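Encoded as structure tokens, the structure appears first; notes follow it.
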Amino acid sequence: MNLSFLMIAESGGDDLWARCGALAAVTEPGDEVLLCDSGASVDGAQLLRRFGEEVGWGEKVTVRLVALSDTRRPPEAGWSALRGLSDRAVVLVLPDRARPVAKGIKALRAMLEQGAPDLVLVNSAWMLAGPHSVLSCPDVGRWPMFGAQQGDAARAAALQLMPDPARLLPADGQPGDDYEAAIEQAASIGFVPDPVLLSPLPAPRDPAPQVAALSVHLSAAPRDTAPDRLARALLRLDDILAQLDPGHAESFLHAARDFTAALPRRLRRQAVAHEGQTGAILSDLKRGDTASARSHLAVVFAAQDRARVAALTGEIGQLRSDLDLALPGPDYLMDLFHRTRRA
């Protein structure tokens, strides 16, 4: 099945050129490529045109330069507005600096060939220094297997994942910008657990506003749905914790303490019993043992370091491989040494 790719270009230079190459490598005849230059970069529009002239986007691929009618920068202009720039049924938005992953795109096409569900969820990943230093998103272990699911089971599985609107692909129609609402309205959901989007690692940010928003969302939940909503909120806390920067450790502890204190007693027991480091930290804070909570944060930061070192190892290996191809090998250098001595 043909796809429509909408690539947002705010940054230019070598990064945008590499993104263009990654996109051109996954297009097929009949696909559509929409290039949205926000005007934020000096050479963005010029580079997009030059790539089309010098390299090309693929055989029989429709290419258009498009502009947002909204004056706000994407994606704040709205994901629905972005998808609405195409008249195709399925539109994959590539946010600024994001690039498609060939294996994931192939899996997405296979999913759509089976018969498009109401909504498709695609996985994403982060890169540290380049496309070979890939870091999985925190919810990688919660993804269902490849395939489509129906009804309540599908919605329950989707609501356990990170609520990233860039992962939503409507097979028919344009869902709104509310992630949970889009999930709740879908009767069938397709899951593509292979990363389809590869983006730079998000910059560190203060977790307090995110945790406070979870608390407000919970306080507005009807009593009968509160346990399920709390379970999802605790998964969000897991994700926030997995991405937490050491510089925001104290902010997280203060926000988590307020989060626990605001819960009704019946929900507080559920929160402190949550598995993993999040539940342990909430339990420590409930008892007033801040030192123990900090020790659990140290374990989290150590796990982050190990994952990032493992990801960077892949980039270093690729660099070594590139150098071996570009530079003369040891046999050639030794032969050159002996020939130079004989000369």
| remark: Square roots of five times the C-alpha gyration tensor eigenvalues of the chain, ordered largest first and given in whole Å, equal 39, 30, 18
| query | Between the helical axis of 13-24 and the dominant principal axis of the chain, each derived from Cα atoms, what acute angle in degrees is found, rounded to the nearest 10? | reply | 90
| So if R0 is 41 Å, what FRET efficiency would residue 273 and residue 313 give, r being the distance between their Cβ atoms, rounded to the nearest 0.05? | 0.65
| request: May I ask you to derive the FRET efficiency for residue 65 and residue 336 from their Cβ-Cβ distance with R0 = 51 Å, giving the value to the nearest 0.05? | output: 0.50
| Just how large is the dipole of region 101-202 about the Cα centre, in debye to the nearest 20, putting +1 at every Lys and Arg Cβ and -1 at every Asp and Glu Cβ? | 460
| In Hz, Karplus ³J(HN,Hα) per residue of region 230-242 (6.51, -1.76, 1.60; θ = phi - 60°; x = Gly, Pro) | 5, 4, 5, 5, 5, 5, 4, 5, 4, 5, 4, 5, 5
| Relative to the present Cα-Cα distance, how much length would full extension add between residue 291 and residue 15 at 0.36 nm per residue of separation? | 95.1 nm
| query | Between exposed GluC sites (Glu not before Pro) in the chain, where DSSP calls loop and at most 13 other Cβ atoms lie within 10 Å, what's the longest gap? | reply | 77-274
| field | Per-residue Cβ neighbour rank within 10 angstrom, fewest leading, 7, 1 | value | 1, 7
| query | Which whole number in µm²/s is D for region 204-343 by Stokes-Einstein, with the Kirkwood Rh taken over Cα pairs at 37 °C and 0.692 mPa s? | reply | 181
| query | Can you give me the relative contact order of the chain as a percent, contacts being Cα pairs under 8 Å and 6 or more apart? | reply | 16
| task | Taking the Cα atoms of region 91-145, report the difference between the largest and smallest coordinate on each principal axis, in whole Å and largest first. | result | 37, 24, 17
| message | Among 204, 330, 165, which one shows the highest mean-square fluctuation when the chain is modelled as a Gaussian network with alpha-carbon springs under 10 Å? | response | 330
| query | Helix-derived [θ] at 222 nm for the chain: sum -39500 (n - 2.57) over DSSP H runs of at least 4, divide by residue count, nearest 500? | reply | -15500 deg cm²/dmol
| field | Which of 192, 216, 66 has the fewest Cβ neighbours within 10 Å, and the rest in rising order | value | 216, 66, 192
| field | Rounded to 5, the percent of DSSP beta bridges in the chain classed as antiparallel | value | 35
| remark: Given unit charges at Cβ for Lys, Arg (+) and Asp, Glu (-), the dipole magnitude of the chain about its Cα centre in debye, nearest 20, is 840
| task | Enter the per residue convex hull volume of region 101-202, computed from alpha-carbon coordinates, in Å³ rounded to the nearest integer. | result | 91
| query | Relative to the present Cα-Cα distance, how much length would full extension add between residue 106 and residue 49 at 0.36 nm per residue of separation? | reply | 17.9 nm
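Throughout, read-outs are computed from the coordinates displayed, never taken from laboratory work. The structure presented is a predicted model; accordingly, all values stated were derived computationally and were not measured. Don't worry about glycine lacking a Cβ; one is built from the backbone with ideal geometry, like all the others, and counts go over all protein chains shown.
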